[in-house]
Structures are given as structure tokens and as C-alpha cells.
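The values are calculated or read from the model by the stated rules, or taken from the named source; none is laboratory data. On a predicted model such as this, the values are computed, not experimentally measured, just so you know. As a convention, Cβ positions derive from the backbone with ideal geometry for all residues, glycine included, and neighbour counts pool all protein chains shown.
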Ligand code: SF4
Ligand code: SF4
């Protein structure tokens, strides 16, 4: 069984993503949906379909072996449009064009704006953002606060009849904002998380002391014998924490802990790099996001945990 991405297959086959989805929907390509626009397909079935479509064997083998189709081919990200000049609007080389075909496909139908729960707040309108990008008004859209009002819920993307990847676009716009101009406490939180392992810079000793104290309270209140499991090697589940809880709402941690206690769950919290809220993700800071994710993976390996709980 191999995993395929709709966008990747569309590019290789030289068709629109909707065509790939239609192949799958109609059963022409037997595949089952997973998450994030990916599908599972039997290797044999995939090879059969590729042969039918005349895809060269070396390309099929690379896909099957999971070697990145894009490796060494970054220039393909913004190629001369396969749709022809007549369909191109605005700056074709815009850094915001996540995919060569998508922006030109916008119908300006407004379904995205209708579906957006915060459409109209401070002038936010996903359709307007797409138009600005298509028209090459990159610096204006990067300087605007609209992409930062967006909650990245993805409702606009779900509503879009052309399957434009709007959330990816909004995140890309955020990534282009100078870091010291990222609104609110978000970038400060990223810097703090990189320095101290959590968004609010809570020192390790304070965090551990608080966890122990809350655990003692819980034992007295309703869970006799409860001891907060900190850095327990071999625990089944690693629990990460939203730093606003130990900072301002420590009792909120008890809800999960009570459930774990009642269920007899084997779990633990790491005393370091325990932050579960990755503001690198929300601010479009890929490097920071990678480091924070890597730290959680390190904790999983160090404590030999099999499962992970993220608060968001
Ligand atoms: S829903 Fe899609 S096609 Fe319609 S305006 Fe929004 S981005 Fe464009
Ligand atoms: S992802 Fe952003 S723009 Fe799209 S519906 Fe959600 S809040 Fe609105």
C-alpha cells in the first residue's frame, strides 16, 4: 500500500486536482482517503493506472519508493503554466503562488467568504485576499492584518468549488511578514519557546513544583494515591501542555489527569520542552516549527512513549 497526494499526482499526470479526485470518486483509480488530501492505493493498482495513463516507469518507481518527486526539481514549483498564457493573471512569479494552477482557477464566486465564520471582521474576506495575490499585490497583502485574523479553520477551503488551497496560502502570507512585525505575542512566544522550551518561559523548577502541587491537590480531592507522573520512562502516553494552563489556569490540567487516573492510563509529562502549542505553525515560521516538533519527538524517544497527546 502506498500513499499518494492529489496535488502531486495531478502535476505528474498533467491534469487538474479535480480530475484526480474524480478518478478516485468514480473508481477509475481505486484509492481510499486518509488525511490532508492524501490517499492510500495498492501498489499494483497504482502501477496499473499509471501504465494506462502512459506515465514512464522511472517516475512510477520513484513515487512507489516514496522518493520525492520534487527532489532537485524545485524549478517545477513555478513552471510556465501548462494552462497557457491566456489563463494567466497578474504576477506569475509571485512568491505567494503555492501552486501554478490554483489562483487562475478562482471564479470569484465568494463561496469562501460566505463560509468564513469571521468574514467581514476588520474587512477580512478570503476572496479579496485571493484576488490581491492574483493581481500581484503581494506586499499589500503581507502588510495587511487579514491573514492574521484568520483562524485557519479551513471552512473557506472546504467551500471552494475549485479546491483552491487557501489555508496554505494564508500561512504562506504569514511567513512573509517580518518576524518583529508579527502581531500580538505570537513571535515573542516562538522566541521564548526556542530559548526555554515553552511559550511563556516558565522555568523548569517552577513547572515541576507546580505539577507536583497540583497532583497533591488532586490526590486529596478525589484521586487517592495520585502522584503527577513527571519524566516517567516507558509510559505509554506523552502528554504535552498548553503553557497558559500552568501559567494561569493550573486546575484545568486536572480534567485530563482525572480521566487518566480513572482509566488506569500509563502516561507522563516531560519536565523540559513540554510545550504543546506550536506557534511556529501559526506564524508561518517553518524553522521554529520544525525545532519544536523535533523536541517533542526527542521526548517521545527519551521517555520511550508510544502515543502523544497535544492540547490543540
Ligand atoms: S470559493 Fe474558491 S473560487 Fe470561489 S471566490 Fe473563493 S477562492 Fe475563488
Ligand atoms: S481558514 Fe481563515 S479565511 Fe478560511 S474560513 Fe477559516 S477563518 Fe475564514
State all residues of segment 162-183 that are in contact (Cβ under 8 Å) with a residue 60 or more places away in the chain and part of a helix (DSSP H, G or I); if no residue qualifies, say none. 168, 169, 171, 172, 173, 174, 175, 179
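Just to check your reading of the model, which residue among 94, 32, 61 is in a strand (DSSP E or B) and either under 25 Å from the mean Cα position of the chain (by Cα) or modelled with pLDDT of 50 or more (or both)? Walk me through how you get there before you give the answer.
On the way: 94 fails: in a strand (DSSP E or B); 61 fails: in a strand (DSSP E or B).
Result of the check over 94, 32, 61: 32.
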List the pairs whose first member sits in segment 117-130 and is farther than 17 Å from residue 166 by Cβ and assigned by TED's automatic domain parsing to the domain that holds residue 158, whose second member is within 13 Å of ligand 1 (Cβ to nearest atom) and in a loop (DSSP other than H, G, I, E, B), and whose Cβ atoms are under 6 Å apart, counting only residues at least 6 apart or on separate chains? none
Where residue 186 falls short, out of the listed (1) crowded, with 16+ Cβ neighbours inside 10 Å; (2) free of Cβ contacts under 8 Å to residues at least 40 places away in the same chain; (3) touching a helix residue (DSSP H, G or I) at 6+ places or on another chain (Cβ under 8 Å): (2)
Would you check which residues across segment 108-156 are in a helix (DSSP H, G or I), under 23 Å from the mean Cα position of the chain (by Cα) and away from ligand 1 (no atom under 15 Å from the Cβ) and list them? 138, 142, 143, 148, 149
Filtered residue count, segment 187-209, keeping only those that are over 26 Å from the mean Cα position of the chain (by Cα) and assigned to a helix (DSSP H, G or I): 6
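Determine if segment 221-233 includes at least one residue that is part of a helix (DSSP H, G or I) and not assigned by TED's automatic domain parsing to the domain that holds residue 148. Spell out how you get there, then give the answer.
Narrowing segment 221-233 to residues part of a helix (DSSP H, G or I): 221.
After this cut, where a residue has to be not assigned by TED's automatic domain parsing to the domain that holds residue 148 as well, the list is 221.
For segment 221-233, residues part of a helix (DSSP H, G or I) and not assigned by TED's automatic domain parsing to the domain that holds residue 148: present.
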Regarding residue 172, is this residue out of contact with any helix residue (DSSP H, G or I) (no Cβ under 8 Å at 6 or more places or on another chain) and within 11 Å of ligand 1 (Cβ to nearest atom)? no
Run down 237, 218 and say which single residue is touching a strand residue (DSSP E or B) at 6+ places or on another chain (Cβ under 6 Å), over 19 Å from residue 187 (Cα atoms) and in contact (Cβ under 8 Å) with a residue 40 or more places away in the chain. 237
